[in-house]
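Reading through the structure tokens given below for one structure.
The values are calculated or read from the model by the stated rules, or taken from the named source; none is laboratory data. Everything quoted here is computed from the prediction, not taken from an experiment. For neighbour counting, all protein chains shown are included, and Cβ atoms are generated from backbone atoms with ideal geometry for every residue, glycine included. All accessible areas refer to the heavy atoms of the entire protein, side chains included, with ligands and DNA or RNA removed. Shrake-Rupley method; radii C 1.70, N 1.55, O 1.52, S 1.80 Å.
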Amino acid sequence: PNLRLSNNSTTVRNVVSKKWNAVRSATGFTKGTHSFSVHIDRCCSKNIFIGVMTEDGAINNYVGSDSSGWGFLANKAIWTNKAKARTYGELYREGDVVRVTLDCDQGTISFARNGLDFGIAAE
């Protein structure tokens, strides 16, 4: 595997450069509003995607690489189905904390960086 999990599966590290992969939670949601935060400890490029995917989403590629997921690219874009859906948010980098909020009832996803909410990314 190209990704290593540690700290009770709360930390992920990419051990192979120039290879896309995704980590998916073991917990899924179908209703309600749910949030989680990702701290960027170390970053070598702007090619980090943070987002959500269904259980059918590909984990051998980035989140947003297929129609089963939506990814927020560090370089200010929302991706789905292997294409940029739109420009969104602000650049995030090493040291930042990105919060993801999934509202299953409204069918929306939004992101924030260091407490600054960027609004709804996708519906």
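Would it be correct to say that K46 is out of contact with any Phe, Trp or Tyr (no Cβ under 7 Å at 6 or more places or on another chain), at positive phi, open to solvent by 70 Å² or more (accessible area, probe 1.4 Å) and free of Cβ contacts under 8 Å to residues at least 60 places away in the same chain?
No.
Would you check if there is a residue in the stretch 2-17 being over 16 Å from F118 (Cβ atoms), touching a Ser or Thr at 6+ places or on another chain (Cβ under 8 Å) and assigned to a loop (DSSP other than H, G, I, E, B)?
No, the stretch 2-17 contains no residue that is over 16 Å from F118 (Cβ atoms), touching a Ser or Thr at 6+ places or on another chain (Cβ under 8 Å) and assigned to a loop (DSSP other than H, G, I, E, B).
Say whether the condition of being surrounded by fewer than 12 Cβ atoms within 10 Å (Cβ to Cβ), touching a Gly at 6+ places or on another chain (Cβ under 7 Å) and modelled with pLDDT of 90 or more is met by at least one residue in the stretch 55-70.
yes
Only one residue in K76, K84, K31 is over 24 Å from R4 (Cβ atoms) and touching a residue at least 24 places away in the same chain (Cβ under 8 Å), so which one is that?
K31
Write out, first by first residue and then by second, each pair whose Cβ atoms fall under 9 Å of each other, whose residues are 6+ apart or on separate chains, and whose first residue, in the stretch 1-18, is closer than 16 Å to F36 by Cα while the second is in a loop (DSSP other than H, G, I, E, B) and of a type in the set (D, E).
T11/D41
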